[in-house]
Amino acid sequence: MQQLSPAIRWIVFAIVLSACSTKEATPNPKQPTTRNLVSLSASEYAIVAPDTIAPGWTNLRLTNRGQEVHYGHIVRLDPGKTVQELIAAYAEAIRTSGPRPTWVTRFGGPGGAFPGDSSTVTQYLEPGSYVWICPIEDDKGIPHFSKGEFRPFVISAGTGVAADSAARPEATMVIRLMDFSFGLDSVVAAGRHTIRVENTGVEPHDLVVMKLAPGMTLEGLMAVMNPEKARRPGQAEAPPPPPDSLPTGAGGIAAIAPKMESFFETTWTPGDYVLLCMATAPDGRAHIEHGMVKQIRVN
C-alpha cells in the first residue's frame, strides 16, 4: 500500500483497527487446507520472518508486535539490484513524490496491521528472491524501511500440494484494478465475502476499501486520504475532519503488479463504501488524483 503522510496517520489507525482485526473468519469448509501458511511479525523497526518459504498458494499473515501501524509489503528486485539500492531509491522517490523505481516489482502481501492486531491475504508465490518492507512513514516522513524495517527472503524452487489449483481460493466476487478505475463483476451484497483482486492495468495498484460515515462525502474522503497530501502546498496544514465523520475499513491488499491477483476476506454490511487506490503514478500524482476512486452501495 502506498504510505500515508503523518497528517492523516490518525485515519490509518481507525481504518486498520477495523479492517485488519485479529478476529479470524470462520473457516470455509469448501476451501482446501493444503495452502502454505507464512507468519511474520513487525515492530519498531524490524520484520521477523522465515528466510526461505515454499512456493504455491499461501496465506500470508502479518502480526503487529509494535506500537505503530506496520505493513508486510513484498517487492522483488530485478537481477543485479541490491537491497541497499532499493532502500535508497524508494526513500528518495517518497521524499520527492517521484516515480518509484521501475526495477522493483510490487508483489502484494498483507496490508496494514494495528498494534497488537494482524492482517491476512492469500496469494500464489513464485520462486525467486524478494524483500519484505514496511513503507509507512514516521512523523518526519521517513519510511520505516529506511530505519531497518525490511527483510530479504527467498521463495524456494519446487512444487507441492500448495501449488495445486485446488488450493486457489474460491472467490464470491471480483474487483479489477485498472488505469485508473475499478471494475466489479457483480452487485455487492451484504455478508461475508472472499474477494479476488485482479490488476488488469499497466501500473501497480493497491486496494483500500472503506465504509463512509454519515455526512462524509466522496470528495471529502479523497481530500483526506490522498497520500501525497503532505507534499501538496497548502494541503498538509488542513484540519482533519471531526471524529464522527471518520470512515471505517473493510479490507484491502498491498500493491500488486500488472496481471497479478490477491485474495482477502471481509464482511460487507449495508451502507455506502468507497474503493481507493493509493499508489503513486510515474508523474508523481497519487492514483486518487487520477480519479481511481469508486463509490458503491451495499444493500
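The values are calculated or read from the model by the stated rules, or taken from the named source; none is laboratory data. Model, not experiment: these values are computed from the prediction. A quick note on method: Cβ atoms are made from the backbone with ideal geometry, for glycine too, and the neighbour counts reach across all protein chains shown. Heads up: the accessible areas ignore ligands, DNA and RNA and are worked out on the full protein's heavy atoms, side chains in. Shrake-Rupley method; radii C 1.70, N 1.55, O 1.52, S 1.80 Å.
Determine which member of the set GLY108, GLY80 is on the phi > 0 side of the Ramachandran plot, modelled with pLDDT of 90 or more and open to solvent by 30 Å² or more (accessible area, probe 1.4 Å).
GLY80
Take the stretch 34-77 and flag every residue that is assigned to a loop (DSSP other than H, G, I, E, B), surrounded by 17 or more Cβ atoms within 10 Å (Cβ to Cβ) and among the charged types (D, E, K, R).
Scanning the stretch 34-77 gives ARG35, GLU68.
Read through the list (1) crowded, with 20+ Cβ neighbours inside 10 Å; (2) over 19 Å from ASP206 (Cβ atoms), then give the number of the only condition that GLU85 fails.
Exception for GLU85: condition (1).
Consider SER186 carefully, then state whether it is without any contact (Cβ under 8 Å) to a residue 60 or more places away in the chain and part of a loop (DSSP other than H, G, I, E, B).
Yes, satisfied.
How many residues are part of a strand (DSSP E or B) and within 17 Å of ARG168 (Cα to Cα) if we restrict to the stretch 110-133?
Here the count works out to 6.
Would you point out the residue of the stretch 111-124, among those that are of a type in the set (Gly, Ala, Ser) and surrounded by fewer than 24 Cβ atoms within 10 Å (Cβ to Cβ), that is nearest to ALA286 (Cα to Cα)?
Selected residue: SER118.
Among the residues of the stretch 267-290, are any under 30 Å from ALA89 (Cβ atoms), β-branched (Val, Ile, Thr) and either part of a strand (DSSP E or B) or in contact with a Gly (Cβ under 6 Å, 6 or more places away or on another chain) (or both)?
yes
What tally of residues in the stretch 172-203 results from selecting those that are surrounded by fewer than 12 Cβ atoms within 10 Å (Cβ to Cβ) and under 15 Å from THR267 (Cα atoms)?
The number of residues fulfilling the criteria is 2.
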